[in-house]
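Quick one: the structure is below, questions incoming.
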């Protein structure tokens, strides 16, 4: 009985170590389409629209109006795939939104969406982002 309890205690301890030492996700190369999408998404989720705007093309904000993007406090962005061409790229991500615990536990809503990137002066910039992560750094004001 003592041996079984010791094994269970060791497994619990190893599980806790794994959970608490996972750390932050690996930072991708900012010179790649995936790295640009990662940095942009992190800035939007953190509420830093100035930093996020640095990853957008000039045309991305032309004609946009200040609208509220989706809630980002419970949003997780997961890289699915990347298609890279000489001057453009598509980065497909899975957007996962978690909701409060219900009677059967937490619930999540997940779907895939696409970032369109273009190469401008050798740098990858986002031409279009999913609406959940879209910002409008220079909104058009109308009366």
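Read the figures in this text as sums done on the coordinates, not as results from a lab. A quick note: this is a predicted structure, and the numbers were derived from the prediction, not measured. Cβ atoms come from the backbone with ideal geometry, glycine included; neighbour counts cover every protein chain shown.
Compute from the Cα atoms of region 29-133 the Rg and the Dmax, the latter being the longest Cα-Cα distance, and quote both in angstrom.
14.6, 53
Points 7 angstrom from Cα along the Cβ direction at residue 110 and residue 54: gap in nanometres?
About 3.2 nm separates the two model spin labels.
Here's a follow-up. How much length, in nm to one decimal, is gained on full extension between residue 98 and residue 82, taken as 0.36 nm per residue of separation minus their Cα-Cα distance?
On the way: separation 16, 0.36 × 16 = 5.76 nm, distance 2.46 nm.
That pair, residue 98 and residue 82, stretches by 3.3 nm at full extension.
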